[in-house]
Every structure is written in C-alpha cells, then in structure tokens.
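The values are calculated or read from the model by the stated rules, or taken from the named source; none is laboratory data. Model, not experiment: these values are computed from the prediction.
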Amino acid sequence: MERLRQDMDKKLALLSNQLQQQLDTLSVDVIRNETKNDMMLLAQKYTTLERHYNKLQTSHSQLQNAHNVLQGQFNIQSRLNNDTDTKIRKGEKEIEILSNKSIAVDNELSALKQLANIKPIQDISSLQQNIQILKTQTHTLNMKEQARSQDFLA
C-alpha cells in the first residue's frame, strides 16, 4: 500500500509537473496570442493612422493649391485696384482742371455780360457818329448859305 501510495505520489507529482508544464506552455501561448493580437491591433491602428495621414497630406496639398490660386487672384485684384486708383486720381485731376476751366469760362461770360451792359456806350458811340454826320451836313449847309449870300450880294 505504501508502495502504491508512493507510486501514486510519484505519478501525481509527475502528472502535476506535466500539468504545470502544459499550463506554462499554455500561458506562454496565451501571452503569445495576446501579444500577437496586440501587434495585429497596433498594425491596424498604424495602417489607419497612415491612411489618415495620407488624407491629411492630400487635403493640405489641395488647400495649399487653393491658397496659391487665391493669392494669385488677390495679386491680380490688387493690381487692378492700383490701376483703378491711378485712374481715379487722373480723373480727379481732370475734374479739377475742367472745374478751373469752367470757372474761367464763367468769369469770361460774366465779363461778356458786363460788356453787354455797356450797350449804352455803343449807343453813345453811334450818337457821336450821327452828331459828326450832322456837323458835316451843317457845315455843308453853311457853305451853301454863304455861297447863296455871296450870290445874292453879287
């Protein structure tokens, strides 16, 4: 019985040992499986992150291109604004020149209106001419009268 018991203890110890080895192997396999699963998850996350990174790079490139296009349009618009500002300044100068000319024309028109008011002077000049004609006619008549008087005396 004792032998049987020792045999049983040996077998139990051997079985316990084998069971322990299998459990150790199993736990190593489980750890390996967990590590493998973790690695697979990390690989999937890395792949996902890489896809997101590529999308972001593409988006960044598109935004950069759009920015460059907008910058070009802004530069064109800025040049057009500068040209427009220059034209406006030229137009303002021309308006100022025309305004000055208009003032000069208004002054000349006022002067002409004042000359029109001098019409009585023109009438006086006309009257002077008429008086001169009358003087000439009177002188002629005086001459004729003197000639008649002399004729009468003769």
Checklist entry - What residue, of Ser125, Ser110, Ser61, is at negative phi, hydroxyl-bearing (Ser, Thr, Tyr) and within 30 Å of the chain's Cα centre (by Cα)? => result Ser61
Item to check | Test result for Asp106, at pLDDT 90 or above and in a helix (DSSP H, G or I) | outcome: no
